[in-house]
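The values are calculated or read from the model by the stated rules, or taken from the named source; none is laboratory data. Worth saying up front: this structure is predicted, and the values here are computed from it rather than measured. As a convention, Cβ positions derive from the backbone with ideal geometry for all residues, glycine included, and neighbour counts pool all protein chains shown. Quick note on the areas: whole protein, heavy atoms, side chains included, nothing else; ligands and nucleic acids left out. Shrake-Rupley method; radii C 1.70, N 1.55, O 1.52, S 1.80 Å.
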Amino acid sequence: MSNLMQGLAYAAFYLISLLPYKALYALSDMYYPILYHALRYRRGVVRRNLAAAFPGKDGEDLARIERGFYRWLCDYYVETLKLMTVSRGELMRHVEFRGTEAIEKSFDQGKPCAAILGHYCNWELLTAIGLTLGRHREAVIGLVYTPKTCKLLDRLFIKIRQNMGGVCVPKQDVLRYLVSFKNQGLVNIFGYIADQRPKNQAIHLHLPFLGQDTPVFTGAERIMRNMDDTVFYVDMERPERGKYIYTFKQLTDRPAELPEHEITRRFFAMLEQTIRRDPRFYLWIHDRWEVRR
């Protein structure tokens, strides 16, 4: 894509982000039949994943989850674009954070924190957590991300993720940043989306997940153990359209004392509980079980 086309696309996304939430959800409703019925976007992958994860559900139940997933996915797109321009006050009317007092207690002791989460609900809105920290407004909110080959998307997601004061850190530089913050005496909490499918050469562990033998990442846990983080699992809920609840559940404040891979095991067990509670809000478009042991 030429620089001109990328600039025009970015401008279009920016203009969309200026719309109020009510208009954005109307846009999402119009986009849903295009994505689901006309484009049939990755429907084969979604159906295969749902059938594998929920073998006990009949076709009608799976179809209901599938349609609900695509409706949420359209909402995810417009909600994420809105982060380009939304004010902090307006965003806080759409999100609620629970369990953050445990984060502040860890910061009181000078300990860094790590939040481990999956592709569930709208994980992008987690960047607002810094707005809820009363005693530690100076804390660094680190957002681990994979740089994108498309310059437009890379620029777009950095803008979206840093609008609420977060710091985007390329995944290959995370440890260097963490050591720097520690040397400066800056408390921080870094978010790790840890349910991606690792590349073949990076597979060191398989775990049962949604009834499947699943290759999983272990790099996030290694960083947490090295930095002696207080580790939290982020449980997410969407009680109604446009409303998200993020609950931080402490897994451990002494990660190095746990057996190897225990944090990763606990994370996937808790993520599965979250997904089974309402599977519509999990990102089913990824072919997570393509690689077998």
Gyration tensor on Cα atoms of the chain, a ≥ b ≥ c root eigenvalues, a/c under 1.5 rounded, else prolate if a/b beats b/c, else oblate, says oblate
Probe 1.4 Å, all chains present, heavy atoms only: Thr146 accessible area in Å², nearest 10, is 70 Å²
A chain fully extended from Asn226 to Lys22 at 0.36 nm per residue, minus the present Cα-Cα distance, gains in nm 69.0 nm
Under a Gaussian network model of the chain whose springs join Cα atoms within less than 10 Å, the largest fluctuation of Leu18, Leu117, Leu126 belongs to Leu18
Answer in debye to the nearest 20: the dipole magnitude of the chain about its Cα centre, from +1 Lys/Arg and -1 Asp/Glu charges placed on Cβ, is 640 debye
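If you restrict to DSSP beta bridges whose two residues both lie in the chain, what percentage is antiparallel, to the nearest 5?
For the chain, the DSSP antiparallel bridge percentage is about 40.
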Given Cβ charges of +1 for Lys and Arg and -1 for Asp and Glu, the option among Leu178, Leu153, Gln196 whose Cα lies farthest towards the positive end of the dipole of segment 152-229 is Leu153
Per the helix-only model, the chain has a calculated mean residue ellipticity at 222 nm (DSSP H runs of ≥4, -39500 (n - 2.57) each, divided over all residues, rounded to the nearest 500) of -13500 deg cm²/dmol
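About the Cα centre of segment 1-147, how large is the charge dipole given +1 on each Lys and Arg Cβ and -1 on each Asp and Glu Cβ? Please answer in debye to the nearest 20. Mind showing how you got there, number by number?
Values: 18 positive and 14 negative charges, 53 e Å.
Here the size comes out at about 260 debye.
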Projecting the Cα atoms of Leu133, Val144, Pro20 onto the charge dipole of the chain, where Lys and Arg contribute +1 and Asp and Glu -1 at Cβ, the residue farthest towards the positive end is Pro20
Amide H contacts under 5 Å for Tyr192, restricted to residues at least 5 apart in sequence or on another chain and with H modeled in the peptide plane, are Ala115, Ile116, Leu117
Here the FRET efficiency for Glu240 versus Tyr77, based on Cβ atoms and R0 = 22 Å and rounded to 0.05, is 0.75
Computed over segment 158-293, the distribution of all Cα-Cα distances in 5 Å bins, rounded to whole %, is 2, 8, 16, 19, 21, 18, 11, 4, 1
Square roots of five times the C-alpha gyration tensor eigenvalues of segment 1-122, ordered largest first and given in whole Å, equal 30, 26, 15
Across Ser28, Ser17, Ser87, the residue with the highest GNM fluctuation in the chain (Cα network, 10 Å cutoff) is Ser87
Mean accessible area per residue over segment 8-146 (1.4 angstrom probe, all protein chains present, square angstrom) is 45 Å²
With DSSP loop assignment and no more than 11 other C-beta atoms within 10 Å, the trypsin sites (Lys or Arg not before Pro) in segment 168-248 are Lys199
For segment 235-293, shape from the Cα gyration tensor axes a ≥ b ≥ c, cut at a/c of 1.5 then a/b versus b/c, turns out oblate
Output for segment 63-138: trypsin sites (Lys or Arg not before Pro) sitting in coil per DSSP, at most 15 other Cβ within 10 Å, listed by number, reads Arg93, Arg135, Arg137
Rounded to whole angstroms and listed largest first, the alpha-carbon spread of segment 75-165 along its three principal axes comes to 41, 28, 23
Stretched fully, the stretch from Thr247 through Ala269 gains (0.36 nm per residue minus C-alpha distance, one decimal, in nm) 6.3 nm
Between the modelled labels at Asp29 and Met5 (7 Å from Cα along Cα→Cβ) the distance in nm is 3.3 nm
Carbon plus sulfur, as percent of the 1.4 Å-probe accessible area of segment 1-102, comes to 61 percent
